[in-house]
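Worksheet: one structure, shown below.
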Amino acid sequence: MKKLSILLALIVVTFNSCTIKLNGASIPPNMKTINIQFFENNAPLVIPTLSQDFTEALKKRIREQTSLSITQNEADATIEGRITNYEIVPVTITDNQQLTPGTNRITITVTAKYTNNLNPKQSFEETFTKFKNFPLNGTTIQQLEPQLIKDVNVMLVDDIFNRAFAQW
């Protein structure tokens, strides 16, 4: 029984001195709050819902995969930024150098600034760009655009989340 008590005490001490890891994220135990500011759309082509969709996707990821509380007040960390590019362009050559008519690419670029008020050395400001190729196949871009934006936002949020909390 005494050995079990010692083992449990060692486990508690070990976990209290480590960072919390959830889904690959390393969050210091003293980090409790984060402020996710609205990502303004400064792209030349403005999609009315893009800023709201991106900001909410980032908040959702933080809520679902960390124990951090999102606040509008002063916080232990802040993520802010802007959408700097949004475009849909035709893509005519595939990986094997064959022409594919009707294939397009949606690209979104975001500049994000992460400020870690507890450990400023982990702060950063970087630009993230993601894209997705898609065929029209008898549909219009307007029909596909909401899902394409959602898909690219997920990739961008993954990159920002991993850069902030997985230190890659």
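The values are calculated or read from the model by the stated rules, or taken from the named source; none is laboratory data. If you're wondering where the values come from, they're calculated on a predicted model, not measured in any experiment. In this analysis, Cβ positions are derived from the backbone assuming ideal geometry, glycine residues included, and neighbour counts consider all displayed protein chains. Protein only, heavy atoms only, side chains kept; ligands, DNA and RNA dropped before computing areas. Shrake-Rupley method; radii C 1.70, N 1.55, O 1.52, S 1.80 Å.
Results, tabulated for the structure shown:
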quantity	calculated
Matching residues, region 38-72, being touching a strand residue (DSSP E or B) at 6+ places or on another chain (Cβ under 8 Å) and of a type in the set (A, V, I, L, M)	A43, L45, V46, I47, L50, L58, I62, L68, I70
Residue list for region 109-131, filter: open to solvent by 50 Å² or more (accessible area, probe 1.4 Å) and either within 20 Å of P48 (Cα to Cα) or assigned to a helix (DSSP H, G or I) (or both)	P120, K121, Q122, T129, K130, F131
In region 37-52, the residues that are surrounded by 14 or more Cβ atoms within 10 Å (Cβ to Cβ), hydroxyl-bearing (S, T, Y) and farther than 13 Å from E80 by Cα	none
Flag if T71 is among the β-branched types (V, I, T) and open to solvent by 40 Å² or more (accessible area, probe 1.4 Å)	no
